[in-house]
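Participant: The structure is given below, and queries will be raised subsequently.
Values in this text are rule-based calculations from the coordinates and carry no lab data. For clarity, every value in this text was computed on a predicted model and none was experimentally measured. Ideal geometry is used to build each Cβ from the backbone, glycine not excepted, and the neighbour counts take in all protein chains shown.
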Amino acid sequence: MPFQGQNRTMVGRVAVAFGLLFLVVGATPAPADLIKITSFSPASGPVGTSVVITGTGFQGVSAVKFNGTSAAFTYNSAKKITATVPAGATTGKVTATKGTSTATSAADFTIGTPTSGSDWPMFQHDPQHTGKSSASGPSTAAVRERWVYRAVSWIKNEPAIGPDGTVYIGDAKFPLCAVDGVGGNSIWCTNVGGYVNQSSPAIGNPFVKTDAQGTRTVQTVYIGDRNNVFWAIDSEGQPLWHYKINQDGDVRQSPIIGPAPSNTIYMMCGCTTKGILHAFDRTGALLWQLDLPQVRDASPAAIQFGAHYRLYVVTNNGVLFAIDDLGTSPQIAWQLQLAGHDMHSSPAIGADGTIYVGTDAGLFAVRDNGGSGQVRPGWPVATAGDVDTAPAISNGRIFVSSYKSGTRTLHAIDATTNPPTKLWSVAGPGSTTTSFAQTPSAVIGGNGFVYAAIGDDVYAFNPASAQPANAVWHHVLPADAISLALGDGVLYVSAKNARLYALVEGP
C-alpha cells in the first residue's frame, strides 16, 4: 500500500510538471492557430455581395480583404464574419488579419454574377442591371419559336423568370400574369389592380405557405401599376400586400430587391413632377421615401458601397443621384449633372463600381468617389441618337442601344481602355418608345453571346469572333421588339403585337 501511495504521489508530481510545461508551451501558440478561415459563402458574386466567412479565432480581427482589397465587415462571432465585396476587388483569396497573423482562404472568391435560383429574377437580371445571366439563349444558327403567348394587350415590360421556370409578365390589362415556361400556356392572371406599363416584375423573398393544399415554398413577385399602386403577389397569384401612392402618375419603373438578410424592396413612382423612391421591408412596411425631381422612366440600380447599400437614380434632365439606405432613412451621398437629357436609360453598374448611363448626349461612365461622382476621362462616348436603353455589361465591355430618326443602333464599347474604344455597331430600322413601353436593352448569356433587338430583328452576336458584328443567328418577328430576357436555353422576347416569343435552338 505505501508503494501504491508513493506511486500516486510520483504520478501526480509528473502530471503537474507536465501540465506546467504544457502551459508554458501553449502560452504562445503559433500564428496559424490564432486565426483560420475554413470556408466562405457564396463562392462568387459582384461587388456589393455579402459574404459569410467561417473559421476560428476571429475575435479581434482588424481587416478583411478580397485579393488584397480592403472590405467592410461585421464581426459576428469568433467563428463568423460577414464581409462585403468592395469596389475594385478582383478574383482571388480572402484574408482576415488579427494582430501580426493573417489567415488566407484555400479557395478563390470569384468576382462576377452569382449563381441564382432564377435565371432572370428582375429587370436586367440583377440590382446592378448588368443584363448578364448564367443562362444562355440559342447558340447555333438554327432558331425556332418554341411557343408564342398571346396577351390581352401589350407586354410593355421585361419578363422575369421564377426558379421553377415560370415566366412572369405585366400584361397591360393586368398587374401580373404567369406563363408556363415549357408550353407557353397561361397559368393565371390576377384580377386586382390596374394596367401595367414599363414596370417589370421582380422575384424574390420566398416564404413557406400553408393552406388546404398543404405546405410549400412560394416566391414573392413585385410589380407596379398605372393606378399608382405597388403590388406584392405570391407566385400562385395571391395578393400579399399593396401600397397606394397619393400622387398623380403611375409606378412605371421596375423594382429591385436588395441583399440578404434584409432583402429590402426598392420602388420608384414616376409621378407627374417628381419621382419618389421608396424602400419597403418584406411585410410591406414603408421604411422610408425620398422625393427626387424629374424622374419619370428610368429605374434605380444599386450596389453595396462601404457600410451602406447605395442606389443610383437618373432624372429626365440628366442628374445622377447616389443615395444611401441608412435603414430607416435615406441620405443623398452626391448628385452629378450629366450633359443631355435621359428618358429611358436606367443606370447599370460594372464589377468595379463604375456607373454607366445614357442620355441624348451619349453613354457616360461615372466613378463613385464616395462623396462625389466624376465622369471618367474619355466619356461620354458619342452614340447615334438618344441612348434609351440600359447598358449591358460583360468583362469590361458595354453593349447599349440608341435611337435616332427611325434608326436603332447597337453599340459595343470596350470600357477598359482610356479613352474607351468603339468596337463595332449594328444599325437598322427600329421604333422609339411609344405608349409607355420599354425599349429593348441588350442581354448577355453565360456563353458570352449578346442578344439584342433592332426593330423586328432579333440577333445573337458572339463578341469573341473575328467579326463580332456578324450575327450568329437572326430571327424576324411580326412586330418590333419591346424587351428581352434569358432562361435556360431560351430567349424570351416581347413585341408590339401583344405577343411573348420563346426562341430556342432548332430548325
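Participant: Taking amide H atoms as placed 1.01 Å from N in the peptide plane, list the residues 5 or more away in sequence, or in a different chain, whose amide H sits under 5 Å from that of Ile187.
Facilitator: Ala178, Val179, Asp180
Participant: So if I place +1 on the C-beta of Lys and Arg and -1 on the C-beta of Asp and Glu, and nothing else carries charge, what would the dipole magnitude of the chain be about its Cα centre? I want it in debye, nearest 20.
Facilitator: Result for the chain is approximately 1240 debye, rounded to the nearest 20.
Participant: If you plug each phi of the stretch 380-387 into the Karplus form 6.51 cos²θ - 1.76 cosθ + 1.60 with θ = phi - 60°, what whole-Hz ³J(HN,Hα) values come out, in order, with x for Gly and Pro?
Facilitator: Once θ is set to phi - 60°, the couplings for the stretch 380-387 become x, 8, 5, 10, 7, x, 7, 6 Hz.
Participant: Report Rg(Cα)/(2.2 N^0.38 Å) for the stretch 105-252, keeping two decimals. Each step should come with its number before you reach the end.
Facilitator: Working: Rg = 16.7 Å, N = 148, 2.2 N^0.38 = 14.7 Å.
Cα-based Rg divided by the globular estimate yields 1.14.
Participant: Compactness ratio of the stretch 328-474: Cα Rg over 2.2 N^0.38 Å, N = residue count? Don't skip to the end; give the middle numbers.
Facilitator: Working: Rg = 15.4 Å, N = 147, 2.2 N^0.38 = 14.7 Å.
The value comes to 1.05.
Participant: Ranked highest first by the average count of other Cβ atoms within 10 Å around their residues, in what order do 377-386, 228-237 fall? Write out the running numbers ahead of the final one.
Facilitator: Values: 377-386: 17.7, 228-237: 20.9.
Per-residue Cβ counts within 10 Å, averaged per peptide and sorted highest first, yield 228-237, 377-386.
Participant: With 10 angstrom as the radius, rank Lys422, Lys156 by how many other C-beta atoms surround their C-beta, starting from the fewest.
Facilitator: Details: Lys422 13, Lys156 28.
By the 10 Å Cβ count, ascending: Lys422, Lys156.
Participant: Over what distance in Å are the Cα centres of the stretch 355-417 and the stretch 434-507 separated?
Facilitator: 20 Å
Participant: Name the residue farthest towards the positive end of the dipole of the chain from the options Asn227, Asn497, Ala392, assuming +1 on Cβ of Lys and Arg, -1 on Cβ of Asp and Glu, about the Cα centre.
Facilitator: Value: Ala392.
Participant: Another question, if that's okay. So what are the ³J(HN,Hα) numbers for the stretch 158-173, from phi and the Karplus equation (6.51, -1.76, 1.60; θ = phi - 60°), rounded to whole Hz, Gly and Pro as x?
Facilitator: Values, residue by residue: 9, x, 10, 10, x, x, 8, x, 5, 9, 10, 9, x, 5, 4, 8 Hz.
Participant: Sorting Met343, Met268 on the 10 Å Cβ count, fewest up front, what's the list?
Facilitator: Numbers: Met343 20, Met268 29.
By the 10 Å Cβ count, ascending: Met343, Met268.
Participant: Can you tell me the length gained on complete extension of the stretch Arg150 to Val375, counting 0.36 nm per residue apart and subtracting the Cα distance? Intermediate results must be reported in sequence, preceding the final value.
Facilitator: Details: separation 225, 0.36 × 225 = 81.00 nm, distance 4.37 nm.
Extra length from Arg150 to Val375 when fully extended: 76.6 nm.
Participant: Excluding His125 itself, what net charge comes from residues whose Cβ is under 11 Å from its Cβ, given Lys and Arg +1 and Asp and Glu -1? Could the numbers behind the result be given before it?
Facilitator: Working: positive: Lys132; negative: Asp119, Asp126, Glu158.
Local charge sum for His125: -2.
Participant: Let me ask you something else. What lysines does Lys422 reach when the alpha-carbon gap must be under 23 Å and sequence neighbours fewer than 8 apart in one chain are set aside?
Facilitator: Here the lysines satisfying the reach criterion relative to Lys422 are Lys132, Lys404.
Participant: Taking the stretch 186-270 as the region of interest, what is the percent of Cα-Cα pairs per 10 angstrom bin, listed from the shortest bin to the one with the maximum distance?
Facilitator: The calculated distribution, bin by bin, is 17, 48, 28, 6, 0.
Participant: Okay, next question. First select every other residue whose beta carbon is under 13 angstrom from the beta carbon of Val196; then total the charges, Lys and Arg +1, Asp and Glu -1. Numbers along the way, then the final one.
Facilitator: Numbers: positive: Lys156, Lys173, Arg226, Arg252; negative: Glu158, Asp171, Asp225, Asp250.
It works out to a net charge of 0.
Participant: May I ask you to sort Lys244, Lys173 by Cβ crowding, counting other Cβ atoms within 10 Å and putting the fewest first?
Facilitator: Lys244, Lys173
Participant: Let me ask something additional. If N is the number of residues in the stretch 35-111, what value comes out of its Cα radius of gyration divided by 2.2 N^0.38 Å? All intermediate terms of the calculation are to be shown ahead of the outcome.
Facilitator: Details: Rg = 10.7 Å, N = 77, 2.2 N^0.38 = 11.5 Å.
Against the empirical 2.2 N^0.38 Å value, I get 0.94 for the stretch 35-111.
Participant: Which angle between 0 and 90 degrees, to the nearest 10, do you get for helix 2-26 versus the longest principal axis of the chain when only C-alpha atoms count?
Facilitator: For helix 2-26, the angle is close to 40 degrees.
Participant: Taking 8 Å as the Cα distance limit and 6 or more residues as the minimum spacing, I'd like the relative contact order of the chain as a percentage.
Facilitator: Numbers: 1485 pairs, mean separation 67.1, N = 507.
Once normalised by length, the contact order is 13 percent.
Participant: For the stretch 354-471, calculate the relative contact order in percent as a whole number, restricting contacts to Cα pairs under 8 Å that are 6 or more residues apart. The partial results should precede the final answer.
Facilitator: Numbers: 264 pairs, mean separation 19.5, N = 118.
Relative contact order for the stretch 354-471 comes out at 17 percent.
Participant: Name the long-range amide H neighbours of Trp241: under 5 Å, sequence gap of 5 or more, or other chain; modelled H, no Pro or chain starts.
Facilitator: The list, which skips near neighbours in sequence, is Ala232.
Participant: Hey, if you drop one equal point scatterer on each alpha-carbon of the chain and run the Debye formula without solvent, what base-10 log of I(q)/I(0) do you get at q = 0.11 Å⁻¹?
Facilitator: Relative scattering, expressed as log10 I(q)/I(0), comes to -0.90.
Participant: Under 15 Å from the Cβ of Val504, count the other residues' Cβ atoms, weight Lys and Arg +1, Asp and Glu -1, and hand me the total. Walk me through the numbers on the way to the answer.
Facilitator: Numbers: positive: Arg144, Arg146; negative: Asp119, Glu145, Asp180, Asp488, Glu505.
Residues near Val504 contribute -3 overall.
Participant: What nm value, rounded to one decimal, do you get for the distance between Thr56 and Asn462 when each label is placed 7 Å out toward the C-beta?
Facilitator: According to this spin-label approximation, the distance is 5.1 nm.
Participant: Suppose a student asked you for the relative contact order of the stretch 35-111, using Cα pairs under 8 Å spaced at least 6 residues apart; what percent would you report?
Facilitator: On the way: 203 pairs, mean separation 27.2, N = 77.
Contact order relative to length: 35 percent.
Participant: In terms of Cα to Cα distance under 20 Å, which lysines are near enough to Lys65, apart from those fewer than 8 places away along the same chain?
Facilitator: Here the lysines satisfying the reach criterion relative to Lys65 are Lys36, Lys79, Lys80, Lys93, Lys98.
Participant: Here's another thing I want to ask about it. Using square roots of five times the C-alpha gyration tensor eigenvalues, list the equivalent-ellipsoid semi-axes of the stretch 64-109 in whole Å, biggest first. Please list the in-between numbers first.
Facilitator: Values: eigenvalues 54, 32, 20 Å².
Semi-axis lengths for the stretch 64-109 are 16, 13, 10 Å.
Participant: What are the residues whose amide H is under 5 Å from the amide H of Ile454, where those residues sit 5 or more places off or on another chain and H is modelled from the backbone?
Facilitator: The answer is Tyr459.
Participant: While we're here: For the stretch 437-498, what is one quarter of the convex hull surface built on the Cα atoms, given in nm²? Intermediate results must be reported in sequence, preceding the final value.
Facilitator: Working: hull surface 16.5 nm².
Result: 4.1 nm².
Participant: For the stretch 248-256, what does the Karplus curve 6.51 cos²θ - 1.76 cosθ + 1.60, with θ = phi - 60°, yield as ³J(HN,Hα) per residue in whole Hz, taken in order and with x for Gly and Pro?
Facilitator: In residue order, the calculated couplings are 7, x, 7, 8, 9, 7, 9, x, 10 Hz.
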